[in-house]
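Structure record follows, encoded as structure tokens.
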Amino acid sequence: MIVLLLLIAIALGLFYYIVFQTDIPGLWKFLLVAAEMIALNQIFIKRYKMPSEIGLVLLKSRKGIEIIESVAKNEKAFNFMADVGATIAYGLLSMKLMSKNTSWKSLICGFAILIVLSRFVAPVALSFLLFVVGIGSTGASAAESVGGSADMGFLLIGGILLFGGLFLLILFGIVYYGVVIFKALVTSLFFGSDAISKISPGGDILLPGINLPFFEGILALAIVMIVHEGAHAVLARIAKIPLLSSGIVLFGIIPIGAFVEPDEKKLEKAERTRQTRVLVAGPTANMLAAVASFFLFMAFFMVSADLREGVLYVHYNSTNVTHPLPEGTMVYEINGMSADSINWTSFSLPADEDVRILTNKGEVVRKTNEQGKLGVEFYLLSKDFLFSRYSNPAFQFIYVILGLSVALNFVVGTVNILPIPLFDGYRIIDVNVKNKMIVNAISYGALFFFILNFLPRFFQ
């Protein structure tokens, strides 16, 4: 036990050094941390005989099952929740794919929640990842990019949501952007262009300490996984499927999820309606949690207005700047001075000196020119801006937790309905579509475009 605790302490120290002390690109940090955690998992599995799955350590326990058993007594409410989730995920298509799981009540409720998710939750969730966490980049709206104009784009998106729910919209999105990335890749490989290095990834792997705040990221991911796996488990018990164990999934020393292990053989033999409810329950719970977190997030934002401070928005970089700040970057401090405290009428910087700039993508250093200019044009956003910052660390912590709960529940819920092997969406389609050639064509096609969306990250 002492050796194990010492090993964990060393691993924590090395993790802290890589993430917080090294000045290397985020991709290299990710690869180094991944290598450390893979090696640590192998030690846990081979030396300490810990249970595992695809190289990840499983800390199993039956204690969570007792809670699930008590919650599962409310069968009607949870079955209805799953049926509502079928409409959220598949829109009118759910009436064809899983007619026994839909009713006029679940359709009305599902479409109402779908409107809230698409109109209110999704913009806040994705913008939070962009502006607060610093993942992604700014650019044209999704509606404009797919429709050519905002009006046409919103009509197209609305039609896709009505017909196929979030399933068809997200699938359409990854295929559309996958084609854009594929064109850039072909242009770069065969015509000497650098288009692939200039295009933003359509997706990113979210890891605490790498591209998510460390402590807030771990807590938010724990909430997401408990909600997801808990819902699967409750519906499994309602379907009379035995639960073998529950617990936490570890990637080295990083908890990356929770799990509940149903009896898979009995689940596969269960009636199709019950199987569908079990499978769709996880993504549905995440999307409902995203809605609940959204209202909590907005309530917290409105009652804490006096505690926020303004931020700077990077609008423009002059053409002669060697290392520009990406347009849309949020700047909190310049040389330790917060955006609110700077007197812009008398503010000046020394010439030819390094300037520390705290942004939503971490601290960066830029050098002024001979006139003491950074070559960057800022806009000062007021404290009423949704993604401003709190001066009080405790309030900032709560703000980030609530925002990440909105964002990560939404992302995990929607991504999990994709028809990709190992995702819930694949098994949902597999259970409800008899023609397995169609299932395989959809799933492996989706997997191809899904991988393409991550590809630009390796050229940056």
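Quick notes
- Of the numbered criteria (1) exposed (fewer than 15 other Cβ atoms within 10 Å of the Cβ); (2) in contact (Cβ under 8 Å) with a residue 60 or more places away in the chain, the one H323 fails is (2).
- Among the candidates K373, K434, the residue that is assigned to a loop (DSSP other than H, G, I, E, B), of a type outside the set (G, A, S) and either without any contact (Cβ under 8 Å) to a residue 24 or more places away in the chain or touching a His at 6+ places or on another chain (Cβ under 9 Å) (or both) is uniquely K434.
- A search for C-beta distances below 8 Å between a residue of the range 184-196 that is surrounded by 13 or more Cβ atoms within 10 Å (Cβ to Cβ) and any residue that is assigned to a loop (DSSP other than H, G, I, E, B) and polar (S, T, N, Q), counting only pairs 6+ apart in sequence or on different chains, returns A184/S193; T187/S193.
- Test: residue in the range 18-28 that is of a type outside the set (F, W, Y) and within 22 Å of D424 (Cα to Cα): no
- Of all residues in the range 423-460, those that are of a type in the set (S, T, N, Q), under 21 Å from K96 (Cβ atoms) and surrounded by 18 or more Cβ atoms within 10 Å (Cβ to Cβ) total 2.
- Exclusive hit being over 20 Å from the mean Cα position of the chain (by Cα) and of a type in the set (V, I, T), set V303, V291: V303
- Enumeration of residues in the range 235-257 that are closer than 24 Å to L206 by Cβ and without any contact (Cβ under 8 Å) to a residue 60 or more places away in the chain: P255, G257
- For the range 224-233, a residue qualifies if it is under 14 Å from the mean Cα position of the chain (by Cα) and modelled with pLDDT under 90, and exactly one does: M225.
- Selection of the range 426-445 for residues being touching a Leu at 6+ places or on another chain (Cβ under 6 Å) and among the aliphatic types (A, V, I, L, M) yields only I428.
- Wholly within the range 56-150, helices (runs of 4 or more DSSP H) carrying at least 2 residues that are modelled with pLDDT of 90 or more and aromatic (F, W, Y): 75-90, 104-116
- Output for the range 313-337, where each listed residue is closer than 17 Å to R356 by Cβ and assigned to a strand (DSSP E or B): V314, M330, V331, Y332, E333, I334, M337
- Residues satisfying the stated conditions in the range 403-422, i.e. crowded, with 20+ Cβ neighbours inside 10 Å and at pLDDT below 90: none
- A single entry from L380, L349, L312, L325 fulfils the requirement of being more than 28 Å from T414 (Cβ to Cβ), over 31 Å from the mean Cα position of the chain (by Cα) and of a type in the set (A, V, I, L, M): L349.
- F387 surrounded by 14 or more Cβ atoms within 10 Å (Cβ to Cβ) and assigned to a helix (DSSP H, G or I): no
- Restricting L380, L402, L422, L418 to those that are touching a residue at least 40 places away in the same chain (Cβ under 8 Å) and over 18 Å from F131 (Cβ atoms) reduces the list to L418.
- A single member of N453, N440, N435 is in contact with a helix residue (DSSP H, G or I) (Cβ under 7 Å, 6 or more places away or on another chain) and not hydrophobic (A, V, I, L, M, F, W, C), and it is N453.
- Condition check for R47 on (1) modelled with pLDDT of 85 or more; (2) out of contact with any helix residue (DSSP H, G or I) (no Cβ under 8 Å at 6 or more places or on another chain); (3) in a helix (DSSP H, G or I); (4) surrounded by 14 or more Cβ atoms within 10 Å (Cβ to Cβ): one failure, at (4).
- Taking the criterion of being assigned to a loop (DSSP other than H, G, I, E, B) and either touching a strand residue (DSSP E or B) at 6+ places or on another chain (Cβ under 8 Å) or at pLDDT 85 or above (or both), the residues of the range 351-368 that qualify are A351, D352, E353, T368.
Conditions (1) assigned to a helix (DSSP H, G or I); (2) closer than 20 Å to L166 by Cβ, marked per residue:
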{"site": "P421", "(1), (2)": "no, yes"}
{"site": "G425", "(1), (2)": "yes, yes"}
{"site": "I429", "(1), (2)": "yes, yes"}
{"site": "N440", "(1), (2)": "yes, no"}
{"site": "S443", "(1), (2)": "yes, yes"}
{"site": "L447", "(1), (2)": "yes, yes"}
{"site": "F450", "(1), (2)": "yes, yes"}
{"site": "N453", "(1), (2)": "yes, yes"}
{"site": "P456", "(1), (2)": "yes, no"}
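- Taken over the range 27-37, residues that are crowded, with 18+ Cβ neighbours inside 10 Å and modelled with pLDDT under 80 amount to 2.
The values are calculated or read from the model by the stated rules, or taken from the named source; none is laboratory data. If you're wondering where the values come from, they're calculated on a predicted model, not measured in any experiment. All Cβ positions, even for glycine, are placed from backbone atoms using ideal geometry, and neighbour counts span all protein chains on display.
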